[in-house]
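Throughout, read-outs are computed from the coordinates displayed, never taken from laboratory work. None of the values given here were measured: they were computed from a predicted structure. Virtual Cβ from ideal backbone geometry, glycine too; neighbours counted across all protein chains shown.
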C-alpha cells in the first residue's frame, strides 16, 4: 500500500483491507507524508501490518519498489490508500492466481458489471488511449493498463526491476510483464474514483510520462538501451 498524505482515508482503507479473508499481511510504505498520516500509521496495532517510512516523497513507483521488496506472502496486490478501489474485489483479482492459471492479474475498471462512479470524460479517454498504445507495443490485449489493482505471484514481481519513481510504474511494469512472457489475466472490478478536490493526485504530466515509458520499457526500447 503506497501512501502519501492520505490522512482522511488511510485508517478506513487499512481496516477494510484487514477484513478481507485473503490478507495475511499489509505492507504500507508512507512516501513522506506531511499531513499527519504517519501519526495514524504509527497507531496501528494489528500484527499483520508492517509500516515503512520513506525519508522524503519520492513517488508511487518508489514506494511500490520498497513494498514489493518487503513482501512475504505468496501473492502481492497493489492497494492505494484512497479507497478508490474496493478490497471486497480481492476474490475476483486473486482468483486466477489462486487457481494456478495466472502469474499476473489486472483488475479492469472498463469491463464487467461492477459499480463505477461517473467522473471525468477526458480521464477515461486518456486511460483508454494509453492502454491502446501500450497494447500496441506489448502485444497484450488489456482494457485498463493504468489500473491500480495489479496482482502478482510474489516471485514474479520480485524478479522485475522497477525503475520509475512516479506513476510511470504502470506502463513500465506492463511492458516488463509482457517481455517476461508471464501469464496475464484481466477481471472486472468496481471503481469509486476521487475528484481533484477530494485528493486525486495524477495529472497530465504523468500522462505524458506514461507515453514515454510505454516506448522506453517495451521490447523495442529495451533493445535500444541494450537490455534484454
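Data overview
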quantity	calculated
Within the chain, helix-based [θ] at 222 nm, where runs of 4 or more DSSP H residues each add -39,500 (n - 2.57), nearest 500	-11000 deg cm²/dmol
The chain: antiparallel DSSP beta bridges as a percent of all, rounded to 5	30 percent
Where labels lie 7 Å past Cα in the beta-carbon direction, separation of residue 15 and residue 223 in nm	5.4 nm
Global geometry of the range 87-174, whether rounded, prolate or oblate, following the gyration tensor of its Cα atoms and the 1.5 cut on a/c	oblate
Cα-based helix-to-principal-axis angle, 60-70 vs the chain, degrees rounded to 10	80 degrees
Global form of the range 1-127, assessed from the alpha-carbon gyration tensor, a/c cut-off 1.5	oblate
Rounded Å value of the spacing that divides the Cα centres of the range 75-97 and the range 12-31	10 Å
Cβ-based exposure ranking for 13, 213, 3, in which fewest neighbours within 10 Å come first	13, 213, 3
Spin-label pair residue 57/residue 129, simplified geometry with 7 Å Cα→Cβ offset, distance in nm	2.6 nm
Order of 83, 208 - criterion: other Cβ atoms within 10 Å of each residue's Cβ, fewest first	208, 83
Computed lengthening from residue 72 to residue 88, 0.36 nm per intervening residue step minus Cα-Cα distance	3.6 nm
Ranked list, fewest to most other Cβ atoms within 10 Å of each Cβ, for 137, 211, 152	211, 137, 152
Contour excess over end-to-end distance, with Cα ends at residue 22 and residue 205 and 0.36 nm allotted per residue	62.3 nm
